[in-house]
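First the structure, in the form of structure tokens, and then the observations on it.
The values are calculated or read from the model by the stated rules, or taken from the named source; none is laboratory data. Everything numeric in this text was worked out from a predicted model, so none of it was measured. Surface accessibility is based on the protein's heavy atoms, side chains included, excluding ligands, DNA and RNA. Shrake-Rupley method; radii C 1.70, N 1.55, O 1.52, S 1.80 Å.
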Amino acid sequence: MDKKTTLQLAELMRQLVSDVQGAPYPGNNFEPELYTIWYEHVQRNAQNCFEFLDANFPADKKEFNETLKKMFK
């Protein structure tokens, strides 16, 4: 993997982790609109990460799919 690809992957992963860590807590004063905004950002960034990984690590597809199947049984 070249340096540019590595830097792109690191940036995508940082953004995704940042989004997940910033998840709104559904407490007493929970605002559905804030959750919706957060959810849309996380979904977009997760999709970007998935597409990047799919494009740059095609040999891992089978192993990755098997891991996903185990996670969502």
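If you take the residues of segment 12-29 that are assigned to a loop (DSSP other than H, G, I, E, B) and not hydrophobic (A, V, I, L, M, F, W, C), which of them is farthest from R44 (Cα to Cα)?
Of everything passing the filter in segment 12-29, N28 is farthest from R44 (Cα to Cα).
Within the set L68, L34, L9, the sole residue that is in a helix (DSSP H, G or I), open to solvent by less than 90 Å² (accessible area, probe 1.4 Å) and at pLDDT 85 or above turns out to be L9.
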